[in-house]
Amino acid sequence: MQTLENIQQTIKENLAVMVYFSAPTCNVCHALKPKLLEALEANFEDFKVESVDISVNEDIAPHFGVFAIPTILIFLDGKEFLRKSRNMSVDEVIREIKRPYEIMTS
């Protein structure tokens, strides 16, 4: 079972992490996630992804201040860098991450 401690450990131990908040009843969540994962894999060599089902892990989302789905949080070097909720494009997310990620990994 996924816990807040596991996610915090992942953020602490990895250079780049995306935490993806969704629920089984969210059709947008299910359509967006594979596109984001594919784009992350194609553009970034080392990006860890944690998925949080808010219907199962109800305590995790409020801890991160997440109250809408889908929501993504991008952590770079342990710090929250980007937060997007509901309406977002994959290209927009990749564009916002690309430069700081490249600077950190160069």
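Summary table below
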item: Potential lengthening between residue 96 and residue 27 on full extension [0.36 nm per residue; Cα-Cα distance subtracted]; result: 22.4 nm
item: Within a Gaussian network of the chain (alpha carbon springs, distance under 10 Å), most fluctuating of 11, 74, 94; result: 94
item: For the chain, alpha-carbon Rg and Dmax in angstrom; result: 13.0, 40
item: Only Lys, Arg (+1) and Asp, Glu (-1) charged, at Cβ; the chain dipole about Cα centre in debye; result: 320 debye
item: Ranked by how many other beta carbons lie within 10 Å on average, peptides 85-91, 57-63, 12-18 from highest; result: 12-18, 57-63, 85-91
item: Modelled FRET efficiency - R0 25 Å, residue 51 with residue 104, Cβ distances, 0.05 increments; result: 0.60
item: Per residue accessible area of the range 1-78, 1.4 Å probe, in Å²; result: 53 Å²
item: Using alpha-carbon coordinates, inclination of helix 4-13 to the longest axis of the chain, degrees; result: 0 degrees
item: Protein accessible area in the range 2-70, 1.4 Å probe - carbon and sulfur %; result: 50 percent
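The values are calculated or read from the model by the stated rules, or taken from the named source; none is laboratory data. In this text the structure is predicted, and so the values were computed from the model without any measurement. Methodologically, a virtual Cβ is constructed for each residue, glycine included, from the backbone with ideal geometry; neighbour enumeration extends over all protein chains shown. Accessible surface areas use protein heavy atoms only, side chains included; no ligands, DNA or RNA. Shrake-Rupley method; radii C 1.70, N 1.55, O 1.52, S 1.80 Å.
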